Structure formats: C-alpha cells, structure tokens
Amino acid sequence: MVTIKELPQEEYLLKGHAACAGCGPSIALRLLFKALGKNVILVVPACCTSIIQGPYPYTSIGVPLQNILFESTAAAASGIVAALQQKKLEGVTVVGWAGDGGTVDIGIQALSGAAERETDFIYICYDNEAYGNTGMQRSGATPYGAWTTTTPTGKRERKKNMPFIMAAHRIPYVATACPSYPIDFVNKLKKAKEIRGTKYIHILAPCPTGWRYTTEKTVELGKLAVQTGLWALYEIEYGKFKLNSPSDRLVDKAKRKPVKEYLALQGRFRNLTEEDIAKIQKWVDEDWERYRKLASNYLL
Amino acid sequence: MAKVIIDTANHIAGYGAKAARVQVVPAYPITPQTTIVEKIAEFVEKGEMDAEYIRVESEHSAMVACIGAAAAGVRAFTATSAHGLALMHEALHWASGSRLPIVMAVVNRAMGPGWNIWPDFSDSLSQRDTGWIQFYCADNQEVFDTIIQAYKLCENEEVFLPAMVCLEGFILSHTYMPVKIPDQREIDDFLPPYNSGWILDVDRPYSHANLVSPDFYMEFRYMIQEAMESAKQLIPRIDKEYGERFGFEYGGLIEKYQCEDADLVLVTMGTMGSEAKITVDNLRRDGLKVGSARVRVYRPFPREEIQKLAEQVQMIATIDRHISFGMEGFLATEIQASLYNRGDLPLVAGFIAGLGGRDVTFKTIEKIAKKSLKWMREGGVEKITEWVDLKE
C-alpha cells in the first residue's frame with residue numbers, strides 16, 4: 001500500500017494535454033502512470049483520450065499508445081498480449097483505457113471475449129456516464145434521470161452494473177475507483193498489476209462539461225458520489241467482495257449522505273422531481289443492502 | 001526436405017501459415033473458411049507450430065487482434081469469408097492505414113441474403129478500397145506459394161501493407177490437390193523473420209494512429225498509394241524469385257496464356273482462369289485465336305499490363321464472379337478505366353457469371369468466347385454487360 005508521499009514524481013501524462021478544465025478522467029490517467037510506471041502499453045479506443053493525447057505529430061502520453069477502433073480495445077489488447085507472450089517479453093503491462101460507451105455498450109463483446117479467454121491485461125473503464133467525446137449522448141452507463149443530448153428530458157432507465165457483469169466472468173480482479181480517492185485507485189492498480197489474468201477497474205470520473213457543474217468541483221463531486229453511496233468503492237478478488245475505505249464505513253444508512261446532495265450540484269439532474277430523487281435514494285439503499293450481504297463473506 | 005502432400009486448399013493455407021512461421025493467429029469460424037483455422041489449431045496444439053492462437057469472439061476482433069499483434073512486433077495471420085470479412089471492414093482500413101503487414105486468407109463466398117455459402121467474389125471485392133493488396137489463386141499450390149510471397153511483399157519497407165490471399169470456397173477450399181511444400185530452411189531463407197515499419201516499444205513511447213488533421217491526412221493516404229505502386233513493381237520480382245527457388249511462378253500480376261497472337265482475350269480471376277485455359281485450348285483447336293489473362297493481383301490493379309495486352313488484341317471479354325449493383329462487374333470497370341484516354345482501343349464486353357457458386361465450366365466460358373468473337377467480327381458489343389446462363 002502506497003501513501004501519497006510515496007507516489008513517484010515522474011509524469012507520463014504530460015503538460016499541454018487537451019483535456020477540458022476539471023476533467024476527472026485525466027486525473028485518473030495521471031494516477032494510472034504513477035501507479036504502473038513507464039513499462040505500460042496503453043490501448044485507447046475512440047473516446048475523450050483520443051483528444052486528450054493531442055493530435056499527430058504530438059502526444060501528451062509518455063508511454064507507447066495504440067489507438068484502436070471504438071469497439072475493440074480488448075481485442076487489440078489480446079493481440080498485443082499474445083505478441084508479448086510470443087516474444088517472451090516480460091515486465092510490460094498492457095492496459096486498455098476506454099470510456100463508458102466504449103466499454104459497457106459498443107466494446108462489451110470484445111471485453112467479454114478477452115475476459116473469458118483470461119487475457120492477461122488490465123482494463124480500465126473511465127466512466128463519465130455518457131458519450132463525452134461526441135458531446136454527451138446517453139450511454140448504458142448514464143444514470144436514471146440524467147440529461148444528455150439524446151435524453152433531453154432525462155434518461156428513463158437505470159445505469160448498467162458493469163463491474164458485476166465483469167465479476168460474472170469469474171476474472172481474478174474487479175474493482176471500482178474514483179479519482180477523488182487517488183491512493184485507493186493507485187493501490188488497486190498496483191494490486192492488479194501483480195495478478196495474472198484479466199483485471200477490470202471501473203472508475204466513476206466526474207465530467208464538468210457533461211454533468212453541468214463548475215470545473216473546480218470535480219473532486220468534491222467524486223467524493224459526494226462515494227459519500228452518498230451512489231458509487232461504492234469495492235474490490236471483488238477471486239469472487240470475494242470487499243468494501244474499501246471510505247465505503248466500508250457507509251453500510252449503515254445513517255452514515256451516508258442523502259443522494260440529493262450529489263444530484264443537486266449537477267445541471268444534468270435539474271429536471272429530477274422529488275419522486276425521482278426518492279426513487280434514486282431507494283435504489284441506492286437497496287444496493288447497499290446487497291453490498292452488506294456480499295461483504296459478509298458471500299462469494300459473488 | 002521438400003515434400004508433396006495431397007490436401008484441400010484450406011489445409012494448405014494452414015501449411016502456408018505454418019511455413020511462414022506466423023506467430024499470432026486470432027481465429028473465428030465461418031464456412032467455408034473454418035478448416036483453415038482448425039488446421040492451424042491442430043498444428044499449434046501438437047506443438048508443430050510455435051504461435052499464439054487466440055480464439056476470438058468475432059471476426060472484427062480477429063482483425064483487431066491481428067493489428068495489436070503486428071503492432072507489438074510479430075507476424076499475424078487470420079482467415080475469413082463473406083460476412084466475416086464484411087464485419088471486419090472498418091478494421092481492414094485500420095490495418096492498412098497503420099501500415100501493418102498482416103496476411104489473411106479469404107475463402108470467397110457469396111454475401112446473403114439468402115444464406116449462400118458458395119463461391120462468389122462479392123465479399124473480397126467489396127473490400128476493394130480498404131488499402132489491402134488482393135491476390136486471387138487458381139489452385140492449391142498457388143494458395144501455399146502466395147501466402148509465403150505475400151509476407152515477403154508486405155514486409156518490404158517499400159510496401160508495409162496488409163494482403164488478402166483469396167481462394168474460392170469449395171472449388172478450392174475443400175478440394176484435394178497435390179501440393180509441393182518446400183524445405184522449411186529454404187522458406188526461411190526466402191522469408192526472413194518479421195519486419196515492420198514500427199513497433200509498440202516502451203523505450204520509444206509514441207502514440208500510434210492518433211488524431212490526424214487535414215494538414216497531414218492526405219499525405220498519409222498518398223503514401224499508401226505509393227506503397228501500392230511499389231507493390232506492383234515488387235510482385236513480379238518476388239514471384240520470379242520464388243519460381244527460381246521453388247519451381248512455381250504465376251506471371252506476377254497477371255497469368256497470361258496464349259495471349260501473344262490472340263484476337264480475343266478472356267480476363268478472369270481465380271479458378272475461372274484455370275477453366276479458361278481449357279476453353280482456349282479447345283477453341284485454338286478450331287483455329288480461333290483466343291487467349292486467357294487471369295488477373296492474379298486485383299489490388300494494386302495491373303493497369304500497365306492490361307494496357308500492353310490491349311495493344312495486341314481486338315477484343316477483351318471480362319468474366320466477373322461479382323456484380324457492382326447499378327454498374328457492372330469490377331473487372332469490366334477496371335479494364336475499361338485502364339484503357340480510357342488511349343488510342344485504338346479493343347472492344348470490351350463484361351460477362352457476369354457464377355454468382356453464389358453457380359458452376360462456370362470451360363463450356364460456359366466457351367459460350368462467352370463465341371459470343372465475344374461474334375461481337376468482335378461485327379465490330380461492336382451488343383450488350384455492355386451480359387449475365388451468363390440467367391434463367392428467364
């Protein structure tokens with residue numbers, strides 16, 4: 001377990017990158033390199049990071065990066081992993097780094113296939129809950145009630161539970177994270193690096209541009225997502241579910257902030273009615289009943 | 001030591017991949033390709049082939065995994081047919097645009113609906129503009145030889161493009177023929193280890209295939225066009241060198257048969273080229289001056305060779321196992337396009353035949369030749385596109 005003082009000084013997300021001000025995913029990307037170092041091959045589909053890295057002939061990424069088709073991050077990673085195995089090249093971590101649309105929607109087939117084949121790589125979904133790079137359209141990861149350009153009056157369906165879908169593949173490691181909790185994320189990456197097989201980390205990454213909040217509130221919103229219990233930090237290691245700090249202290253409903261505190265800060269939830277908010281609160285409480293059971297030695 | 005084996009073209013394609021020392025094979029089944037990847041699975045599991053075999057969940061992923069593997073510095077191979085190839089479409093662009101020397105066997109099959117598993121060039125010809133080199137084979141030996149030649153070509157620094165080695169379903173894929181497999185050391189001598197223009201390397205951390213603005217995009221496309229032109233120069237040389245070493249040569253871009261003094265030349269691709277030779281022999285016995293030109297490489301298209309051929313003949317008849325709806329067969333289009341703006345042109349007639357696996361025998365081709373000769377004597381074609389053996 002590292003502490004914040006032990007994080008390396010080296011930066012592999014370089015200055016001058018093209019992310020929006022207050023971009024949550026870019027904080028996570030910077031931390032990714034702090035955790036894994038330079039011996040990483042990054043695979044990136046069409047997503048915000050297509051822009052963040054900068055256009056040819058520049059790059060803001062200090063590791064080799066393969067851009068690839070939207071739906072095929074995990075397939076490209078499979079080919080790279082196979083090549084490294086064939087070359088008997090060890091010590092290089094292959095990382096898929098994709099947005100929520102590229103993961104839970106168009107990329108789910110390739111990801112499912114790679115996980116079932118026990119491909120030895122880390123897959124990270126940085127989830128800003130919509131198709132951000134195309135200007136915020138609804139994805140399978142968009143939460144109930146959220147405004148997007150294709151759900152102008154709010155999404156009517158619930159968010160897909162992708163970490164649990166990945167856990168159902170019986171992969172050795174599934175975790176959730178949030179850039180507001182950097183040490184938790186870094187430690188999860190370090191753990192994932194040491195495990196053989198497919199490792200899946202799902203990051204809730206606040207997006208001021210899409211979520212309609214002011215850019216200085218990104219860290220605060222990530223914290224509120226966790227403190228309200230809307231986003232829980234957990235690991236599923238070889239099927240065993242474990243809540244991580246600070247989520248492990250939120251099993252008791254009294255410890256969780258009301259979801260309204262999180263929702264009220266974002267323009268995308270402006271159209272929610274009191275009934276909607278109550279519905280969301282009820283779903284969160286139900287989720288936590290499930291987490292409570294899972295955390296008491298229940299194997300997923 | 002060289003050996004002769006009797007096997008189907010699909011199994012022979014597997015032998016070709018093995019002889020080329022392919023290192024990563026992402027595989028997904030589809031009729032009539034499946035027995036290629038089955039053969040390779042057998043080679044890998046028996047330890048006869050040192051390759052990583054990835055049982056991907058779709059053809060799209062098969063091609064993308066090839067891209068990943070080739071980008072990470074190893075020789076990649078896969079095989080597909082029809083709908084599988086269509087599903088790969090966007091990844092085909094990504095492979096050529098990334099300048100990765102991937103080789104893929106395409107076992108030609110018709111596109112649905114209705115479901116049709118029989119031979120037809122619509123699948124690979126629909127991928128004409130993806131930046132892939134396209135070879136079309138006429139027999140099992142050529143399938144083996146072309147896979148080896150294709151890697152030699154694609155990994156040439158003047159090319160660095162992917163290639164399809166196309167063979168018609170069932171007519172070749174499931175038909176047994178004797179094939180000479182050269183000695184492995186001699187193949188290794190002809191085809192050195194994998195060579196590509198770039199590699200994903202932690203010590204040289206570049207971003208590959210990132211955003212390219214209008215300031216640069218056009219130049220990258222121009223470089224692909226230049227690479228295709230280089231390939232056109234290199235293919236006959238590689239074919240000749242292969243022939244000198246191993247005894248099999250295919251005329252480079254076009255396999256010509258009895259064209260020297262021909263009035264009429266039948267232009268085909270694939271196995272119709274073998275049938276056309278029989279037609280030529282039969283018609284020559286009747287004193288008719290007919291020749292056959294089998295287009296072995298469709299991309300890059302052998303424009304200059306067609307122009308040379310046109311200078312010496314009165315008429316060209318193309319036979320397409322394909323239709324570009326709303327126009328004509330691609331061979332007919334390409335040949336007319338190659339000849340336009342040149343004086344003293346031969347007549348060109350396009351015939352559509354053998355779609356969805358309908359037999360095109362030497363007798364079918366004889367009918368085409370006789371009709372063409374009639375039009376030639378009359379000095380004009382009656383129909384620019386004639387559908388052969390079409391039921392009323």
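The values are calculated or read from the model by the stated rules, or taken from the named source; none is laboratory data. Predicted model, so just to flag it, every value in this text is computed and none were measured. FYI the Cβ positions are ideal-geometry reconstructions off the backbone, even for glycines, and counts take in every protein chain you see. Heavy atoms of the whole protein, side chains included, go into the accessibility calculation; ligands, DNA and RNA do not. Shrake-Rupley method; radii C 1.70, N 1.55, O 1.52, S 1.80 Å.
Key figures for this structure:
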item: Tail fraction, Cα-Cα pairs, segment A:136-209, threshold 15 Å, whole percent; result: 63 percent
item: Cleavage-rule hits, GluC sites (Glu not before Pro), segment B:259-358, DSSP coil, Cβ neighbours within 10 Å at most 11; result: B:E260
item: Subset of A:K160/A:K260; B:K256/B:K370; B:K3/B:K256 violating a 24 Å alpha-carbon distance limit; result: B:K3/B:K256
item: Spatial extent of the protein assembly as shown: Rg and Dmax, with the Cα atoms as the point set, Å; result: 29.2, 100
item: Nearest-20 debye value, segment B:321-375 charge dipole, Cβ charges on Lys, Arg, Asp, Glu; result: 260 debye
item: Sparse-neighbour loop sites [GluC sites (Glu not before Pro); segment B:117-193; at most 16 other C-beta within 10 Å; DSSP]; result: B:E157, B:E158
item: Karplus-derived HN-Hα couplings along segment B:288-303 (A = 6.51, B = -1.76, C = 1.60, θ = phi - 60°), whole Hz, x at Gly and Pro; result: 8, 8, 10, x, 10, 10, 9, 6, 8, 10, 8, 10, x, 7, x, 3
item: Principal axis box of segment B:87-214, alpha-carbon based, largest edge first, Å; result: 48, 44, 22
item: Size of the A/B contact, given as accessible area buried on both chains, probe 1.4 Å, in Å²; result: 3100 Å²
item: Label-point separation, B:W198 to B:Q233 (7 Å along Cα→Cβ), nm; result: 2.4 nm
item: Antiparallel DSSP beta bridges within chain A, as percent of all bridges there, nearest 5; result: 30 percent
item: For segment B:3-246, the fraction of alpha-carbon pairs in successive 10 Å shells from zero, as %; result: 8, 34, 38, 17, 3, 0
item: Fluctuation leader among A:E235, A:E11, A:E129 - chain A, Gaussian network, Cα springs under 10 angstrom; result: A:E11
item: Beta bridges by DSSP in chain B, antiparallel share as percent, to the nearest 5; result: 25 percent
item: Given charges at beta-carbon only (K, R positive; D, E negative), |dipole| of segment B:3-246 in Debye; result: 180 debye
item: Cβ-placed point charges (K, R +1; D, E -1), dipole of the protein assembly as shown about Cα centre in debye, nearest 20; result: 2360 debye
item: Relative contact order (%) - segment B:3-246, alpha-carbon pairs under 8 angstrom, separation at least six; result: 24 percent
item: Between helix B:217-246 and chain B: long-axis angle, C-alpha atoms, 0 to 90°, nearest 10; result: 80 degrees
item: Using alpha-carbon coordinates, inclination of helix A:182-194 to the longest axis of chain A, degrees; result: 40 degrees
item: Rounded tilt (10° steps) of A:218-227 against the dominant C-alpha axis of chain A; result: 70 degrees
item: Dipole of chain B [Lys/Arg +1, Asp/Glu -1 at C-beta], most positive-end residue of B:A332, B:G247, B:V106; result: B:A332
item: Relative contact order (percent, whole number), segment B:1-82, Cα cutoff 8 Å, 6+ residue spacing; result: 39 percent
item: 15 Å tail of the calculated P(r), segment B:1-89, as % of Cα pairs; result: 56 percent
item: Cut-off 20 Å (backbone N to label point 7 Å along Cα→Cβ of A:R292), residues of segment A:198-238; result: A:226-235
item: Other-chain or far-sequence residues with amide H under 5 Å of B:Y206's (modelled H); result: A:L65, B:D201
item: Taking N as its residue count, the alpha carbon Rg of chain A over 2.2 N^0.38 Å; result: 0.95
item: Protein accessible area in the protein assembly as shown, 1.4 Å probe - carbon and sulfur %; result: 53 percent
item: Amide N of segment B:133-167 lying under 12 Å from the label point, which is placed 7 angstrom from the Cα of B:I5 along Cα→Cβ; result: B:144
item: Amide H contacts under 5 Å for A:V94, placed H, 5+ residues apart; result: A:I41, A:I122
item: Members of A:K217/A:K279; A:K15/A:K38; A:K38/A:K190; A:K5/A:K34; A:K191/A:K253; B:K232/B:K308 lying beyond 23 Å, as alpha-carbon distances in this model show; result: A:K217/A:K279; A:K191/A:K253
item: Average Cα contact separation per residue, segment B:86-142, under 8 Å, 6 or more apart, as relative contact order %; result: 35 percent
item: Exposure rule at most 11 other beta-carbon atoms within 10 Å, DSSP loop chymotrypsin sites (Phe, Trp or Tyr not before Pro): chain B longest free segment; result: B:116-324
item: Calculated from backbone phi, Karplus (6.51, -1.76, 1.60) coupling profile of segment B:134-146 in Hz, x at Gly/Pro; result: 10, 9, 10, 9, 10, 7, 5, 4, 5, 4, 4, 4, 6
item: Between segment A:146-184 and segment B:155-200, the alpha-carbon center distance in angstrom; result: 44 Å
item: Under the Debye formula (equal points on every Cα, no solvent term), log10 I(q)/I(0) of segment B:255-387 at q = 0.10, 0.11, 0.15, 0.18 Å⁻¹; result: -0.26, -0.32, -0.62, -0.93
item: Phi to ³J(HN,Hα) by Karplus 6.51 cos²θ - 1.76 cosθ + 1.60 over segment A:6-18, Hz, x for Gly, Pro; result: 8, 5, x, 6, 4, 10, 10, 9, 8, 4, x, 5, 9
item: Kirkwood Rh in Å, taken over all unlike Cα pairs in segment A:1-154; result: 16.3 Å
item: Under-5 Å amide H pairs with B:I181, H placed in peptide plane, nonlocal only; result: B:K3, B:V4, B:I5
item: Low-density loop positions, chymotrypsin sites (Phe, Trp or Tyr not before Pro), segment A:189-253 - DSSP coil, at most 16 other Cβ in 10 Å; result: A:Y238
